[in-house]
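Heads up: the structure comes next, in structure tokens.
The values are calculated or read from the model by the stated rules, or taken from the named source; none is laboratory data. Keep in mind the model is a prediction, meaning the values are calculated, not measured. Positions of Cβ are generated from backbone atoms using ideal geometry, with glycine treated the same way; all protein chains shown enter the neighbour counts.
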Amino acid sequence: MSREFSKIKESLASWGDIRQLLRGGEQGQLVPVVIPKDRRGFAWMALVLLALYFAGMAVLTDLTLIAALLALFFLVVAMVTMWRKAIIEIEEGTTGVRSRWGAITGTLPPGRHYLWLPWDRVDAVVDTSTEIPYSAPIVACPTAENVPLKSIEFFLKFRIVDPVAFVRTIGAGNFDLVLSSAVQDAIRQRSRRVNTERAYDLRGSDVGDMQDALNRQLGRYGVRVTGANIPDVQLPDQYQQHLATREKVAKELSAYEREWELTRKRRIDTLLMEIERSKKTRDARVVEVKAAHNTARKNVARMLEEQETEAQRVTWEIEARGRADLTSAENEAKALRRLADSYRDNRAVLQYELARRRLDVGAKLAENAPQPLVVRTQQGQSDSALSTLLLAQLLPRISGTGTGQVNGHTPSA
């Protein structure tokens, strides 16, 4: 574990070394800000003066052509030199702080820029994209019981979000002092809230409140803390021995507890198996009782259905017999009613038939009855014996052929 604070500084370097210093630091120290050396100078002014000198010679002497060419040459060289010196290239991920006559006027984004005026320059190049790691081991931090911890290592990452505020208000050297002081204060406040026996809980604990507090303190400098944690905590040697003894006792206690837990679990498993076996037996008996109950219910239901069916059958037979008797009586009554209606309607026919039959009977009786024979004689004459004898002989014949009537004459012999 590192025993020293991370150091932050700013360096003065040429434009070619800026990238190496920002990415790799210098002698193990972090370099978030580099002050570039001004490489322009005034060498181009000498070339301009030479160009003016040869231009004067071209005007005042006979060497007009040669002097004019030299003047033009030195003027071109001066312009090219001035153009090359005016080029400023800002690396990707960095921001240049621009100043004029010593006053900060703004920033330069990554890319190529041109500063033509000599009083217009870049005061600093600030790394604004890299999250800079910072390690701070704090020694002798007292806990809640006032036991000084051997050390607490605090690790954070920060990023410069406002290069102008950072360069103008604090600078890299002063920021190192402010950051180390703020981290120590935050760590000591956190350790004061923790008991000694729970000091190891600080490892990997949530330090969001500490990060927020640091952001509130460092925000005025254009810096934002992006992450923080406590990777390691070391207790005093005597307390570590005490903790080792406690850990040994705790391990033995844990071993006994595990053994007892295994024994208890084994017994519980045995009891649970017995309970499950009893439950299965009970469930089997319950199933049998339910099956017997269902069978009895089915038998009772079937018997009730049979009795209801028999009763229904008897009821239907009685109702059918009653309906048949009723229908027979109704039909008989209807027949008698129809017969009475027929007798009533055919009374005249019957009377006629009776009268006709009476006439037939009378005719048959008349045919079989003896028929009188009336023999009329002449008026004034008496019957003689001879006529009487003849009449007696003729009577059987007449009775066989029909009724004969002799009117006003005397049959002859």
Problem set entry | Close pairs from the stretch 346-367: first free of Cβ contacts under 8 Å to residues at least 24 places away in the same chain, partner in a helix (DSSP H, G or I) and surrounded by 10 or more Cβ atoms within 10 Å (Cβ to Cβ), Cβ under 8 Å, at least 6 apart | LEU350/TYR343
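Pull up the stretch 131-189, narrow it to residues that are free of Cβ contacts under 8 Å to residues at least 24 places away in the same chain and not in a strand (DSSP E or B), then point me to the one that is surrounded by the most Cβ atoms within 10 Å (Cβ to Cβ). It would help to see each step written out before you state the result.
Filtering the stretch 131-189 for residues free of Cβ contacts under 8 Å to residues at least 24 places away in the same chain gives 139-140, 146, 174, 177, 181, 185, 189.
Subset that is not in a strand (DSSP E or B): 146, 174, 177, 181, 185, 189.
Working: ASN146: 8, ASN174: 13, LEU177: 11, SER181: 11, ASP185: 15, GLN189: 13.
That would be ASP185.
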Seminar exercise, completed: When every residue in the stretch 181-205 that is at pLDDT below 85 and hydroxyl-bearing (Ser, Thr, Tyr) is compared, the one farthest from PHE158 (Cα to Cα) is THR196
Seminar exercise, completed: A careful count of residues in the stretch 96-108 that are surrounded by 11 or more Cβ atoms within 10 Å (Cβ to Cβ) and out of contact with any Asp or Glu (no Cβ under 8 Å at 6 or more places or on another chain) gives 4
Exercise. Which of (1) out of contact with any strand residue (DSSP E or B) (no Cβ under 8 Å at 6 or more places or on another chain); (2) of a type in the set (Lys, Arg); (3) modelled with pLDDT of 80 or more is the odd one out, the single condition LYS157 does not satisfy?
Worked result: (1)
Exercise. From ALA172, ALA199, which residue is of a type in the set (Gly, Ala, Ser), closer than 30 Å to VAL125 by Cα and in contact with a strand residue (DSSP E or B) (Cβ under 6 Å, 6 or more places away or on another chain)?
Worked result: ALA172
Seminar exercise, completed: Picked from the stretch 322-379 (must be closer than 24 Å to LEU394 by Cα, in a loop (DSSP other than H, G, I, E, B) and of a type in the set (S, T, N, Q)), the residue modelled with the highest pLDDT is GLN371
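Going through the stretch 131-150 one residue at a time, which ones are more than 15 Å from ASN195 (Cα to Cα) and not charged (D, E, K, R)?
Taking the stretch 131-150 first, the residues more than 15 Å from ASN195 (Cα to Cα) are 131-139.
Hits for the stretch 131-150 are ILE132, PRO133, TYR134, SER135, ALA136, PRO137, ILE138, VAL139.
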